[in-house]
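All remarks here apply to the structure that follows.
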Amino acid sequence: QVQLVESGGGLVQAGGSLRLSCAASGRTSRGYVMAWFRQAPGQERDFVVIHSLSGNWTTYADSVKGRFTLSGDDAKNTVYLQMNSLKPEDTAVYYCAAGEKYSILARQYDIWGQGTLVTVSS
């Protein structure tokens, strides 16, 4: 079973940048779909970016397109989310997830990290 651990969250002023990391341990598969979701207080858990390891497909949410960039380091089994030009509305707990289906729906993923809090001040 793969385990995921997120890190890199914190407090940043609007317009600033953060890089989140998602480190995978255990037996990983090239068939996995990797995704970042985020959830603000009282809100639904919404997708940020989805990436198919096998098909090299990447889909960004419209709200982050052009500001956030997904990257990875296969040697470290780690996925990164570079977040630039941060806005107060980006404030949320960010979760890394893995699954076998390419989907924007959180319920389609069965492996989750613990979450890392990103707070963007105005």
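Looking only at segment 76-89, which residues are modelled with pLDDT of 95 or more and either among the charged types (D, E, K, R) or open to solvent by less than 20 Å² (accessible area, probe 1.4 Å) (or both)?
Correct list: L81, M83, L86, K87, E89.
Could you please tell me which pairs satisfy a Cβ distance under 8 Å, a separation of 6+ or placement on different chains, a first residue in segment 1-23 that is open to solvent by less than 60 Å² (accessible area, probe 1.4 Å), and a second residue that is assigned to a loop (DSSP other than H, G, I, E, B) and among the β-branched types (V, I, T)?
From segment 1-23, the pairs are V2/T28.
Take segment 64-75 and flag every residue that is surrounded by fewer than 19 Cβ atoms within 10 Å (Cβ to Cβ) and either out of contact with any Ser or Thr (no Cβ under 8 Å at 6 or more places or on another chain) or closer than 13 Å to S103 by Cα (or both).
Within segment 64-75, K65, G66, T69, S71, D73, D74, A75 meet the criteria.
Keeping to segment 90-122, report how many residues are more than 17 Å from S21 (Cβ to Cβ), open to solvent by 50 Å² or more (accessible area, probe 1.4 Å) and assigned to a loop (DSSP other than H, G, I, E, B).
The total comes to 7.
In segment 1-49, how many are modelled with pLDDT of 95 or more, part of a loop (DSSP other than H, G, I, E, B) and among the small types (G, A, S)?
Looking only at that region, the number is 7.
Considering only residues that are of a type in the set (V, I, T) and closer than 14 Å to A23 by Cβ, which ones fall in segment 60-79?
Filtering segment 60-79 down to residues of a type in the set (V, I, T) leaves 64, 69, 78-79.
Within segment 60-79, T78, V79 qualify.
Out of curiosity, is T69 at negative phi, in a strand (DSSP E or B) and free of Cβ contacts under 8 Å to residues at least 40 places away in the same chain?
Criteria met by T69.
Within segment 26-63, restricting attention to residues that are of a type in the set (G, A, S) and over 16 Å from the mean Cα position of the chain (by Cα), which residue is farthest from K101 (Cα to Cα)? Reasoning before the result, please.
First pass over segment 26-63, keeping only residues of a type in the set (G, A, S): 26, 29, 31, 35, 40, 42, 52, 54-55, 61, 63.
Going one step further and asking which of them are over 16 Å from the mean Cα position of the chain (by Cα), we end up with 26, 29, 31, 42, 54-55.
On the way: G26: 20, S29: 13, G31: 9, G42: 27, S54: 11, G55: 12 Å.
Restricting to residues being of a type in the set (G, A, S) and over 16 Å from the mean Cα position of the chain (by Cα), the top hit is G42.
Starting from segment 82-103, keep only residues that are over 22 Å from N56 (Cβ atoms), then list their pairs with residues that are aromatic (F, W, Y) and open to solvent by 60 Å² or more (accessible area, probe 1.4 Å) whose Cβ atoms are within a distance under 6 Å, requiring at least 6 positions of separation or different chains.
Close Cβ pairs (under 6 Å, with a partner that is aromatic (F, W, Y) and open to solvent by 60 Å² or more (accessible area, probe 1.4 Å)) amount to Y95/W112.
The values are calculated or read from the model by the stated rules, or taken from the named source; none is laboratory data. Quick caveat: nothing in here was measured; it's all calculated off a predicted structure. When we count neighbours, we look across all protein chains shown, and the Cβ atoms used for this are built from the backbone with ideal geometry, even at glycine. The area values use the complete protein model at the heavy-atom level, side chains included, leaving out ligands, DNA and RNA. Shrake-Rupley method; radii C 1.70, N 1.55, O 1.52, S 1.80 Å.
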